[in-house]
Structures are given as structure tokens and as C-alpha cells.
Amino acid sequence: MITEPDNDNKSDKPMVFIIVGKGYEAKESEGIELHILLRAPDDDTAVREALNALSEEGFMEADLDQIGIITEEPIEEPHASAYQGALEGEVSIIRFD
């Protein structure tokens, strides 16, 4: 896995992305609000890895609305532990049922 940013803006911290959207477990189901945290070298890779992780978790479809980089370590749960998981190479999915 690449851990360096894929551009000229070198960062001394790992790039942890947050993706906000909805996941659908069945075609006619109501969407579940999601926050996905993961490390990736660029936003295209982050989206691809997030979609793969959602598929592995049983989601059939997803609408990803926003993507950004977390600039400070979160202190409140569930984002704090999801951030730590992302630093360790996991794709962390937070569900808001």
C-alpha cells in the first residue's frame, strides 16, 4: 500500500480520508448513513477501497456524497477509534442506523 501523497503537497502525517454517504443493503431498502475512514495515496484510491469494503460488508449499492482529508485526530467516538483503525490500514465503516 502506498502511504505517500500522490502529489507535490508532501505531508508529514498519513493521509486519512473520510467519505460521507449512504449504503444500501438491498435494492428497495432505505439507505444507511455512513462515514468511512481509511488511508490512501489519493482520493480515487480512497473511493475504490471504500466501495470494495462496503461490498465486502454486504452493501449492494452506495451513494458517496463527500470526500475529504482528516487534518486533526478526532477525540470523540466513534471517529477516534475509526481513525486509529485507518492508521493501522483498516477501512473503518461507521454506520448511523
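The values are calculated or read from the model by the stated rules, or taken from the named source; none is laboratory data. Everything quoted here is computed from the prediction, not taken from an experiment. A quick note on method: Cβ atoms are made from the backbone with ideal geometry, for glycine too, and the neighbour counts reach across all protein chains shown. Ligands, DNA and RNA are stripped out before the accessible areas are found, and what is left, the full protein with its side chains, is counted by its heavy atoms. Shrake-Rupley method; radii C 1.70, N 1.55, O 1.52, S 1.80 Å.
Brief remarks on what is shown
- Of all residues in segment 64-97 being of a type in the set (G, A, S) and outside any helix (DSSP H, G or I), the one that is nearest to D44 (Cα to Cα): G68
- Which listed residue is at pLDDT 95 or above and touching a Gly at 6+ places or on another chain (Cβ under 7 Å), from A86, A62: A62
- In the set (1) assigned to a loop (DSSP other than H, G, I, E, B); (2) at pLDDT 95 or above, K22 fails one condition alone, (1).
- Close Cβ contacts (under 7 Å, 6 or more residues apart or on different chains) running from residues in segment 44-62 that are assigned to a helix (DSSP H, G or I) to residues that are of a type in the set (G, A, S) comprise A46/A40; E49/A40; L51/A62; L54/G23; L54/A62.
- Members of segment 56-97 that are among the polar types (S, T, N, Q) and open to solvent by 20 Å² or more (accessible area, probe 1.4 Å): Q66, T71, S81, Q84
- Any hit, segment 47-55, residues being open to solvent by 80 Å² or more (accessible area, probe 1.4 Å) and either modelled with pLDDT of 95 or more or on the phi < 0 side of the Ramachandran plot (or both): yes
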